[in-house]
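Here's the structure, in structure tokens; my notes come after.
The values are calculated or read from the model by the stated rules, or taken from the named source; none is laboratory data. Predicted model, so just to flag it, every value in this text is computed and none were measured. We place every Cβ from the backbone using ideal geometry, glycine too, and count neighbours over all the protein chains shown.
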Amino acid sequence: MKKYLYLVLLIFVVGMVSVVVYFSSRSRSIPIPPVEYGPVKDYTKGIIVYRPHLYSDIENPVIIFGEAKSAWFSDGKILVTITDKDGTIVDNGEVVAKTDSKTIPAEEYIPFEGSVTYNQPSVNLYMGFLTFESQNVGQDGLALKFTYKIQFPYDARLK
């Protein structure tokens, strides 16, 4: 009789463990869409930034390269500003066209490159923004401007 009782108890325990394992393996979490780490593109404004990527850790100096329509360039340059999450300017610089932007039609993309060396900024250093701004005006009469989020490196956040 005890053998049957142990056998029934063993079957019950194995069944309960199976039920627990089955239901705990089923995911009920909301799927999180992947973050795009490729080039940052804004075709409506006519600019593609290949480096740094959106939300990527930036280095010091920040190496920047991409392509922009020739309308972005003023004397072959585009102004670049790095700000912290509160909008305080950390540093600024410029990227330079790799070809003569004056001879290229306004709708053609021109490769650019440059770097900005920044001083160790304030404590608001986890996330920041990289802003490209042209001194030329767009078709709507407003200055061409493009901003996206970047992340400062961990060691800079500690200072």
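Return yes when residue 35 is at pLDDT below 75, on the phi < 0 side of the Ramachandran plot and crowded, with 16+ Cβ neighbours inside 10 Å and no when it is not.
No, not satisfied.
Please name all residue pairs, on different chains or six or more residues apart, with Cβ atoms under 6 Å, provided the first residue is in region 65-85 and is closer than 10 Å to residue 97 by Cα and the second residue is in a helix (DSSP H, G or I) and not acidic (Asp, Glu).
Short answer, once both residue conditions are applied: 78/72.
Taking strands (runs of 3 or more DSSP E) that do not extend beyond region 37-77, which have at least 3 residues that are touching a Leu at 6+ places or on another chain (Cβ under 9 Å)?
62-69
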